[in-house]
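The values are calculated or read from the model by the stated rules, or taken from the named source; none is laboratory data. Small disclaimer: the values here were computed from a predicted structure and weren't measured. Counting neighbours? That spans all protein chains shown, and the Cβs are built from the backbone with ideal geometry, glycine included. When the accessible area is computed, the model is the full protein with side chains, heavy atoms only, and any ligands, DNA or RNA have been set aside. Shrake-Rupley method; radii C 1.70, N 1.55, O 1.52, S 1.80 Å.
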Amino acid sequence: TFDPRVRIGSLTMTNPVGVASGTFGYGSEYEQLIDLSSLGALYTKAVTLEPRPGNNIPRIVETPAGMLNSIGLANVGSRGFTREKYPYLRDLPCSVIVNLAGSYIEDYCQTLEYLEEHAPLAGYEVNLSCPNVKCGGMALGTDPAQVAEVTRELRKRTKKPLIIKLSPNVTDITSIAKAAEEAGADAVSCINTLVGMLIDTKHKRPLLSTGTGGLSGPAILPVGLAAVYRVSQAVSIPVIGLGGIMEADHAIQYLLAGASAIQVGTANFVDPSATARILEGITDYARREGLASIQDFHQFLGRKA
Ligand code: DOR
């Protein structure tokens, strides 16, 4: 028999399949479409201290390679989240992880403190990797010293799971993952979107209002796998894999590469029941291969712990 449970810090998730931040709103958007109790974890759309309108439209483009977005962290802010989203999320039958974002280290700290007091949920995913804002986001997350500082400051303020979300837009993702681990992170998640661009040749202008954006979906699967594989060899904390998971085989590849859990993002837009299909595929594979737990997936490619 296969035990699908996963431990991240003090939290036990019922299974390894979560939905990626920004692709599932605040959960209620999907409640008519899927059984939310089947999710291992729900990662909310990013929450910042103050509400944000995000970037100008067009800010989403669909391509055969996947989706290009430059949303720019549009969200209701910490008080709006507490008032409008928290009462619903609090009662959901799955682990709800808040994705935290900000422009400065101080914003992350204030937002976390506010949510700890007014909207406590299962844990935090710290977004240090948004490619669509000038201040904060990727600018913080590509510098190991700043990643360590944010992580250390947030660690002082919560005992709940702290998951640091990493950017693929770096030359050495392992040094950033190690900085997060040393500063007290419970896990890292990788990857956020890969910087990309498309151009309208007729009008000779970028398809996104911001010029460039973040690419998700099928094209980034190998990029995410390589990141998870390399990070898993470098750290002992759990690695949560995402990037281009459209079907169970992709998720299984992430688990073999060293991931302890995975997130499904762009696939939710294509097929809202993708997560159920993927969990079933993982379970069938584990049974067929005689794997008793998620850790058993790690023996083949030599994960560090
Ligand atoms: O691709 C992304 N888009 N990654 C993020 O972290 C945030 C999001 C946005 O709001 O732009």
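Data table
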| quantity | calculated |
| --- | --- |
| Scope region 197-233; condition at positive phi and within 13 Å of the ligand (Cβ to nearest atom); matching residues | Gly217 |
| The one condition in (1) within 22 Å of the chain's Cα centre (by Cα); (2) without any contact (Cβ under 8 Å) to a residue 60 or more places away in the chain; (3) under 16 Å from Tyr229 (Cα atoms) that Asp296 fails to fulfil | (1) |
| Residue match in region 60-76 (condition: open to solvent by 10 Å² or more (accessible area, probe 1.4 Å), in a loop (DSSP other than H, G, I, E, B) and among the acidic types (Asp, Glu)) | no |
| One residue from Asp172, Asp200, Asp186 being more than 29 Å from Pro58 (Cα to Cα) and free of Cβ contacts under 8 Å to residues at least 12 places away in the same chain | Asp172 |
| Which listed residue is open to solvent by 20 Å² or more (accessible area, probe 1.4 Å) and within 17 Å of the chain's Cα centre (by Cα), from Leu121, Leu198, Leu128, Leu162 | Leu121 |
| Condition check for Pro53: without any contact (Cβ under 8 Å) to a residue 40 or more places away in the chain, within 16 Å of the ligand (Cβ to nearest atom) and surrounded by fewer than 15 Cβ atoms within 10 Å (Cβ to Cβ) | yes |
| Residue match in region 140-156 (condition: of a type in the set (S, T, N, Q) and within 14 Å of the chain's Cα centre (by Cα)) | no |
| Output for region 4-48, where each listed residue is of a type in the set (Phe, Trp, Tyr) and within 16 Å of the ligand (Cβ to nearest atom) | Phe24, Tyr26, Tyr43 |
| Region 95-138, residues that are farther than 28 Å from Arg7 by Cβ, without any contact (Cβ under 8 Å) to a residue 40 or more places away in the chain and in a helix (DSSP H, G or I) | Glu106 |
| Enumeration of residues in region 96-112 that are within 28 Å of Leu36 (Cβ to Cβ) and either within 16 Å of the ligand (Cβ to nearest atom) or of a type in the set (D, E, K, R) (or both) | Ile97, Val98, Asn99, Leu100, Ala101, Gly102, Tyr108, Thr111 |
| Unmet requirement for Arg83, which otherwise passes all of (1) under 17 Å from Ala185 (Cα atoms); (2) more than 16 Å from the ligand (Cβ to nearest atom); (3) open to solvent by 50 Å² or more (accessible area, probe 1.4 Å) | (1) |
| Residues of region 261-275 classified as surrounded by fewer than 16 Cβ atoms within 10 Å (Cβ to Cβ) and part of a helix (DSSP H, G or I), total | 2 |
| 3 or more residues within 28 Å of Leu121 (Cα to Cα): qualifying strands (runs of 3 or more DSSP E) within region 150-232 | 162-165, 187-190 |
| Those residues of region 1-45 which are assigned to a loop (DSSP other than H, G, I, E, B), under 14 Å from Val96 (Cβ atoms) and open to solvent by 10 Å² or more (accessible area, probe 1.4 Å), in sequence order | Thr14, Ser21, Gly25, Tyr26, Glu31, Lys45 |
